[in-house]
Amino acid sequence: MVLKSPLHKVHEKIGAKFTEFAGHMMPLYYKSIKEEHLTVRKSVGLFDVSHMSNLWITGKEAEKLISFTTVEDASRIKDGMSQYTVILREDGTVIDDTIFMHLGDKYMMIPNAGMNKIVNEWLNEQAEKHDICASAEDVSRDYVILAVQGPKSRDTLQKLTNVDLKTVGFFQCRYIDIAGVNCIISHTGYTGELGFELQVSPTALAEDLFYKILDAGEEYGIQPIGLGARDTLRLEKGFILAGNEFEGGRTPLEATLGWTINWDHEFIGKKPLLRQKEKGDYERLTCLLCIDRGIPRHGCEIQKNGVKIGRVTSGTLSPCLNKGIAMGYCQPDYREKDTVLDIIIRGKPVKAKVVKPPFVSKDWLKTKLGNI
Amino acid sequence: MSAEVKEDLKYTDTHEWVRIKGDLAQIGITDHAQSELTDIVFVELPNMGKEIKKGEELCVVESVKSVSEIYAPVSGRITNVNKKLEETPEVINESPYEEGWIAEIEIKDKSELDSLLDAEAYKRII
């Protein structure tokens, strides 16, 4: 069964073209992916990301359950903080990446679209197996998730609340009234821009809030943004997409998420990760910027001197750079900055060079788009 | 907003248009096709001089999200390609029937033209 967002009718009304993503029918774009992308980079956009999952993690050992099942030591994450982390299998490969929010006596975790059941079951299984007094509850269908992203996102939302949003720091979260609707706000996002994510429940309140945010952002040229631009926005910043970059079983070291690992605590998957870290000869996610014309896509082979050395996991045309950009796993020997590799697109080699993410930096945006 | 269909052109059910200029067939994609694809960001043009059969892949047009094959509406040799599309593929969005033409084929078998759709028939399928 394909699920629809509680805001589906609103999207229909404002002209969305839909796509199916991880079992959810969501807006792909409203008018144009390129235009929506640039609107978020330059000003502000509003996303419905209700396809993402919501779990409550409760119980007196909720912190322990999170620490044990993620690479994060949750005792570091104080009340009012959000944290990005990954959940691993016993063999060290990633089940999912997620953000969890510490909200007083409980945590809300946001697994990816379609991952609610898997992550929920996994957490409850581990709690039971290891006698941890905590449990997870899947409440994905009780929440609409709105993301307001772009340099004007704070100015837009500030009009709808009495709380000074400058007091909600990067990766902080709290309960807040926005346009009279009590929601959870988190200063996080998937665009690399200033932005906020709102968890709205009950979902019946979301339609009114959606329109109020559009009204508040009107003076900045706010637009509703679909999943198409969400994907190009994240890729320009070098952010991974679970379904693409973890496909086939990848460890956080391979996915260049080593920085998320807190080695000073016990967690599922730690031992194989330590072994991999010591050996060091594993493939790593590599960012490639096309020199030749061409748009790399998921599945394209990466070659050096005609020999396969990797495969593209995500690729697109960067709307900011107007060049092909890609991520893929490559052998460590080929990851040196400025190394020139070939991406095979429809049988033809397209030259690309290794770059360090992000593809589009804050400096670039400042110079080219005049962003502050 | 409905898509424009030019009365003087022939069409395929895969959304290519054909402008017959004597022995030459000028080819592009329809207004309907460009609006469905949205922002066209890349065109991989066919090789000049190549012989192509009706229904074979002529070239590839890409939007940000998708890759679409364009099929040859007639058989023949490719005599001209619209080089301008390499630098400014968005011309297909702006002017699908004029500036945004893709290629010209020297028609090998004029009887193939009979199987193309006229404007009325094409309007019915979009």
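All of the numbers you see were taken from the coordinates with simple rules; none came from a lab. Just so we're clear, the structure is a prediction, and the values are computed from it rather than from any experiment. Quick reminder, even Gly has a Cβ in these numbers, built from the backbone with ideal geometry, and neighbours come from all protein chains shown.
Place +1 on the Cβ of every Lys and Arg and -1 on the Cβ of every Asp and Glu in the protein assembly as shown, take the dipole about the Cα centre, and give the residue among A:Gln303, A:Leu209, B:Val74 whose Cα lies farthest towards its positive end.
Sorting the options by dipole projection puts first A:Gln303.
How high is the relative contact order of the stretch A:192-326, in percent, counting Cα pairs under 8 Å that sit 6 or more residues apart?
Relative contact order here is 21 percent.
Looking at the protein assembly as shown, send over the antiparallel percent of its DSSP beta bridges, to the nearest 5.
Rounded to the nearest five, the antiparallel share is 95 percent.
For a footprinting-style exposure proxy, rank B:Glu86, A:Glu236, A:Glu72 by other Cβ within 10 Å, fewest first.
Result, fewest neighbours first: B:Glu86, A:Glu72, A:Glu236.
Quick one: compute the contact order of chain B, relative version, from alpha carbon pairs under 8 angstrom and 6+ residues apart, as a percent.
Relative contact order of chain B: 31 percent.
Across peptide B:30-42, what mean number of C-beta atoms from other chains lies inside 10 Å of a residue's C-beta?
Partner Cβ neighbours, averaged per residue: 3.
I need the Kirkwood Rh of chain A: take the reciprocal of the average 1/r across all distinct C-alpha pairs and report it in angstrom.
Over chain A, the inverse of the mean reciprocal pair distance is 21.3 Å.
Report the per residue volume, in Å³, of the convex hull enclosing the C-alpha atoms of the stretch A:55-122.
Taking only Cα atoms, the stretch A:55-122 has a hull volume of 77 Å³ per residue.
Neighbouring Cβ atoms within 10 Å as the yardstick, rank A:Lys362, A:Lys60 fewest first.
A:Lys60, A:Lys362
To check my understanding: the extent here is largest minus smallest coordinate of the Cα atoms along each principal axis. What are those three numbers for the stretch B:10-109, in Å, largest first?
Computed over the Cα atoms, the extents are 35, 24, 21 Å.
Of the listed peptides A:4-12, A:281-289, B:106-114, what is their order by residue-averaged count of other C-beta atoms within 10 Å, with the highest listed first?
Descending mean neighbour count gives A:281-289, A:4-12, B:106-114.
What is the gain in length, in nm to one decimal, between A:Leu369 and A:Tyr175 on full extension, counting 0.36 nm per residue of separation less the C-alpha to C-alpha distance?
66.5 nm
What is the percent of Cα-Cα separations in the stretch A:241-363 that go past 20 Å?
Above the 20 Å cut-off, the stretch A:241-363 has 44 percent of its Cα pairs.
Could you grab the relative contact order for chain A? Cα pairs under 8 Å, six or more apart, rounded to a whole percent.
Across chain A, relative contact order equals 17 percent.
Find the eigenvalues of the gyration tensor of the Cα atoms of the stretch B:50-102, then list the square roots of 5 times those eigenvalues as equivalent ellipsoid semi-axes, largest first, in whole angstrom.
Semi-axes from the Cα gyration tensor: 20, 14, 9 Å.
Please report, in Å, the Rg and the Dmax of the stretch A:1-102, where both are computed over Cα atoms only.
17.7, 48
If you take every residue apart from A:Glu72 with its C-beta less than 14 Å away from the C-beta of A:Glu72, what net charge results, scoring Lys and Arg +1 and Asp and Glu -1?
-2
Note down the nm distance, to one decimal, between modelled labels 7 Å out along Cα→Cβ at A:Lys353 and at A:Glu121.
Modelled inter-label distance: 4.8 nm.
Is it possible to state the helix-based mean residue ellipticity at 222 nm for chain A, with each DSSP H run of 4+ residues giving -39500 (n - 2.57), the sum divided by total residues, to the nearest 500 deg cm²/dmol? What is it?
-6500 deg cm²/dmol
Only counting other Cβ atoms within 10 Å, I'd like A:Trp259, A:Trp122, B:Trp17, B:Trp101 sorted with the fewest neighbours first.
With the sparsest Cβ surroundings first, the list reads A:Trp259, A:Trp122, B:Trp101, B:Trp17.
Which of the residue pairs A:Lys4/A:Lys117; A:Lys348/B:Lys54; A:Lys353/B:Lys84; A:Lys308/A:Lys353 have a Cα-Cα distance greater than 19 Å in the structure shown?
A:Lys348/B:Lys54; A:Lys353/B:Lys84
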